[in-house]
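Values in this text are rule-based calculations from the coordinates and carry no lab data. This is a predicted model, so every value here is computed, not measured. A quick note on method: Cβ atoms are made from the backbone with ideal geometry, for glycine too, and the neighbour counts reach across all protein chains shown.
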Amino acid sequence: MGIEIGSVRLSLDDLAARVAQEFAGELTDVSIQEPDTIVARLECSKLHPVARRLHDLAEIAYDSLNWIAAVDYRTHFESVYHLYSYATNTYLEVHVEVPRAKAVVETVCDIWPAADWHEREAWDMMGIRYEGHPDLRRILLKDDWIGHPLRKDYVDLAENHPNV
Amino acid sequence: MSDEFVDTVPDEALRLALSRVAGATAAGEGSDMQGLRLDEVVLNMGPQHPSTHGVLRLVVTLDGEMVKDVIPVIGYLHRCKEKLAEKRTYYQYIPIPDRTEYVAGMNCEWGYVMTVEKLAGIQPTRRAEVIRVIMAELNRIASHLVAVGTFTADLAPLGTAMVFYMFRDREQILDLLEAASGARMMFNYFRFGGVRYDLPDGWVEKCRDFLERFPKMVQEYESLVETNAIFLQRCLGKGVISQQDVVDYAITGPNARASGVAHDLRRTRPYSVYPELDFDLCLGRHGDVYDRYKVRIEEMKQSRAIILQCLDMLPKGPVQVGSLKPPYVITPPPGAVYTAQENPRGEYGTYIVSDGSRYPYRLKYRDPCFINLQIFPKLLTGNKIADAVAISGSMDLVLGGIDR
C-alpha cells in the first residue's frame, strides 16, 4: 500500500463543481479560496451523514480531518471542519452553524478518529456539546473548571476555578 | 491508590483508568486459567517525568511490564494563547507564537505572520522571503537536534552523551539566530511584510562557516548511535505507525514521512520561495522508531542544502515593506483564513477570523504535536513500558505547542 499525494489531477474549479453537484442541497454556498481550498456551509442536522459520504467518496475522498475550530459569532456558534484529501491534495472547509440556545452537534469521531481531541477542545473552550462522543471531558482546562472561556460573553471569576 | 484520594482530587483521567480496570475485572478478563487474579496496576507517569519532555502526563495501566491502556492528560502548560489573541492587536501578538512550540520559534512566528499577511493581502519583499527561509531552516536543524538528542537520552545505552554533543552544536545555531534577531529562543523577528532587522555584517560568512562544519557533526552523531546494537534493538520494528494511521489521525511532519507518506507542506502546499529550491523529501519505509530517528537526521542534511541555496540567491533590497513606524496598526478586512507552515514537527497552521478591527476576532492553532499525540493510546498499548518511553521520545512532542 502506498499513499500518493495529488494522484488525482483536477482543477479546483472542477473539483468544487463536482462537490457541489454530489452534495446538492446539502453543502451550500460552495466557494473557492485560492490556492487549494473549497469552502462550504452545511446544516447542523445533516452533518453526520454528509461527513460519512465525504469520507467515503470515490476517487476524491476527504479521508483526513485536519482540524476542527469552534468560533463564537455572538448570534450563533460555528463548528468549522477542515478536511484534507490526499488524492487531490486539496482542502475542504465545512462551516456548520450551531444555535446558541442549543449548542449540540453530532460527533464525527467514528468517521475520522482525529476528531476526538478537537471536539473535546471545542467543548472545553466553547461549550459545544458533541453528541455521541465516547469521552467528552475537558482537555486543556482543569476538570472542575466552570464555564467556557473562549465564549465572547465569558466573565472570568475566581469562583470558576476554585482549586487553582 | 486509595479511593479517598480519588474522591478528594477532581481527576477524571485517573477515575477513568481505574474504572476501566474495575470493569475488566468484573467481566472476568482479569483472571487467568486457574482463576487467579492477575493484578493490573495503574501507574501515573508525569507530569514531572524526565522522559515526557515537558509536562505530559500519561496514566498507564500495566499488566506486569506490558502496557494495557494509556490515557494522555494534557493542559499543564496551558497559557491561553488563543484567548490572548483577542485582547491584542495583530502586531502585539507577534511574540506570542514563539512561546507555543518554543523549540522552533522562528517557524511558529512565520506561521502566524503568514496567515495575517494572507488575510490583509501583504506581500513581503523578496529579500525578506529568503531570510525567512534561512531562519526557519536553521531553526529546523536546531529543533531536530533537540528532538534526536533528548530521544537518545531516553534510551539507556548512550546515557546522556549524545544529547550533550547535540546541544553543544545547537549552541552555534542559536548564536547565529541571536546575531540576526537579538534573542536565542523567543525571537520576535518576523514582521508583516518582512523581518525586523536586516542581516548584520559578516553574518552570511558565519553561517557558511557553520554549514561547512555541519556534515562532520552529523557524521559524528550517526557513528555514535547507528552502530550501537542496543540502540538498534530498541528502535527497529518498535512503535510502527501505518500509512492508514497517518491518514486517520492526520499525522504530519517527520512522523508521517517516516511511514512513507510524502506529505510536506513545502512541497504539497508550497509557500515563500520553496518552489525555487531543490531539496529531497526524506521518507522512511517502516514507520518505526528507527525511521523516525533517521528521517530527522536526513532532514537536517536537506535543511543545510536549502540554506546554502538561499545564501547563494540572497538578493539585495529592503527587508520590510514600507516603513516600520508607530502606531503599527493593521486592520485586515473581515473574513477567515487558514494557512499552514511546515514546522519541524509537522503542519503548524493558524486559522484567523477577522471582523475588520485591529484585534483578531478568533485565532486557532492547528498544532502538529497536539494531533500527533492522539495516536498514543493506540501506539503504546501492547508494548513494554520501557519501549513506550522510547516510542514517545521518537514522536518528538513539545508540550508548549500541545497545551498552547
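What the table shows:
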read-out: For the protein assembly as shown: span of alpha carbons on each principal axis (Å, largest first); value: 78, 61, 52
read-out: Fraction in percent of alpha-carbon pairs per bin - 10 Å, chain A; value: 10, 37, 31, 16, 6, 1
read-out: For chain B, built as a Gaussian network whose Cα springs stay under 10 Å, the top-fluctuating residue of B:Ala161, B:Ala305, B:Ala85; value: B:Ala161
read-out: Candidates B:Asp288, B:Asp355, B:Asp201: whichever shows maximal mean-square fluctuation once chain B is modelled as a Gaussian network with Cα springs under 10 Å; value: B:Asp201
read-out: Averaged over A:63-72, number of beta-carbon atoms from partner chains that fall within 10 Å; value: 6
read-out: Peptide A:143-150, shielding by other chains (average Cβ, 10 Å cutoff); value: 3
read-out: Translational diffusion coefficient (Stokes-Einstein; Kirkwood radius from C-alpha pairs) of region A:1-71 at 37 °C, 0.692 mPa s, in µm²/s; value: 245
read-out: log10 of Debye I(q)/I(0), alpha-carbon scatterers only, for chain B at 0.07, 0.11 Å⁻¹; value: -0.36, -0.83
read-out: Cross-link reach list, aspartates and glutamates versus A:Lys152, counting only Cα pairs under 20 Å and skipping chain neighbours closer than eight places; value: A:Asp72, A:Glu78, A:Glu97, A:Glu119, A:Glu121, A:Asp124, B:Glu82, B:Glu86, B:Asp355
read-out: Kyte-Doolittle mean at least -1.0 and Cα axial length at least 24 Å: DSSP H helices in chain B; value: B:126-154, B:161-181, B:203-225, B:289-313
read-out: Order by protection proxy (mean Cβ within 10 Å, highest first), peptides B:70-80, B:385-395, A:53-63; value: B:385-395, B:70-80, A:53-63
read-out: Cα-Cα over 32 Å, subset of B:Lys83/B:Lys294; A:Lys46/B:Lys384; B:Lys118/B:Lys316; A:Lys102/B:Lys83; A:Lys46/B:Lys83; value: B:Lys83/B:Lys294; A:Lys46/B:Lys384
read-out: At 1.002 mPa s and 20 °C, Stokes diffusion of region B:169-212 via Kirkwood alpha-carbon radius, µm² per second; value: 195
